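Worksheet: one structure, shown below.
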Amino acid sequence: MNYNYLKSLITLTCLSLFLINNVNSQSVSTLHPNVYLSVTDGMNTRNAQVFFLESSTFGFDNGYDSTRGPGTSPSGESFNLGIYTKLVTDNRTGDKFDEDYSIQTVPNESAIIAIGFDGSSGEEVTFSAIHYGLTANILVYLEDRENNIFTDLSNSGSNYKVTLTSNLSGEGRFYLHTVEELTLAINDNIEASRNKIVVQPNPTRDFINILGLARMVNYTIYSFLGKKIKEGAVIGDERIDVENFDSGIYLLELEEGNIFKFIKE
């Protein structure tokens with residue numbers, strides 16, 4: 001018997017149960033940082049949890065990560081609602097990459113994690129999150145790639161509500177982002193009120209223009225997690241090519257300090 005594995009599994013399982021039953025406990029902040037993600041259809045609720053442990057990896061961590069069981073309601077009846085996570089990378093065995101995880105561990109607090117979701121067409125579902133012990137400047141966002149919506153779930157009471165237009169099963173639509181607040185110092189209206197600078201089209205498939213520039217300025221484009229993707233200089237309505245960017249959200253920073261958000265489809 002692998003006693004180290006058993007010990008780790010029992011520790012995380014007990015920790016998870018403790019958190020679930022002690023949401024308002026003042027002592028939870030001393031435990032391992034984690035995000036507790038929930039979805040409900042008004043009658044049933046399902047959950048998935050991500051722990052942030054320096055000793056873990058973005059792949060499968062034996063003794064820490066736990067696959068989910070079948071969806072069941074509190075009465076024990078099966079229902080078509082599920083939420084789980086997928087491994088960020090697979091650094092051990094290929095079969096573990098395809099598993100659905102109710103508990104996953106990752107090594108740091110800045111991550112993008114694919115969320116697996118099962119739901120039925122016509123259902124209205126609500127996503128919410130509770131986080132414990134995260135660094136003060138870490139924000140928790142849920143991305144809905146189908147609707148190009150990012151929702152901040154960092155604050156108590158915040159949620160994302162959506163009505164499903166088709167049956168869903170698996171990953172690809174929803175993603176959990178944990179990011180540093182500094183990388184999100186953005187203008188959500190895509191307009192700097194002082195200089196009347198506008199970034200368009202947004203969303204875009206192949207290019208963006210920066211309208212309202214009075215002179216040539218240097219720019220830098222970052223990924224949502226703050227990784228530098230591209231830099232250069234632009235003037236007037238000159239196009240910036242983003243055709244080869246992956247789909248997602250990006251931050252455009254001008255040398256004057258203005259930061260804009262745009263979405264690449």
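The values are calculated or read from the model by the stated rules, or taken from the named source; none is laboratory data. Keep in mind the model is a prediction, meaning the values are calculated, not measured. Ideal geometry is used to build each Cβ from the backbone, glycine not excepted, and the neighbour counts take in all protein chains shown.
Confirm whether I240 is modelled with pLDDT of 85 or more and part of a strand (DSSP E or B). Against the criterion (modelled with pLDDT of 85 or more and part of a strand (DSSP E or B)), I240 qualifies. Total residues in region 93-119 satisfying the condition of being out of contact with any strand residue (DSSP E or B) (no Cβ under 8 Å at 6 or more places or on another chain) and not β-branched (V, I, T): the figure is 5.
Of the residues making up region 87-104, those that are outside any helix (DSSP H, G or I), at pLDDT below 90 and surrounded by 13 or more Cβ atoms within 10 Å (Cβ to Cβ) are L87, V88, D90, N91, R92, E99, D100.
If you go through region 115-131 and pick out every residue that is in contact (Cβ under 8 Å) with a residue 60 or more places away in the chain and surrounded by fewer than 18 Cβ atoms within 10 Å (Cβ to Cβ), you end up with 3.
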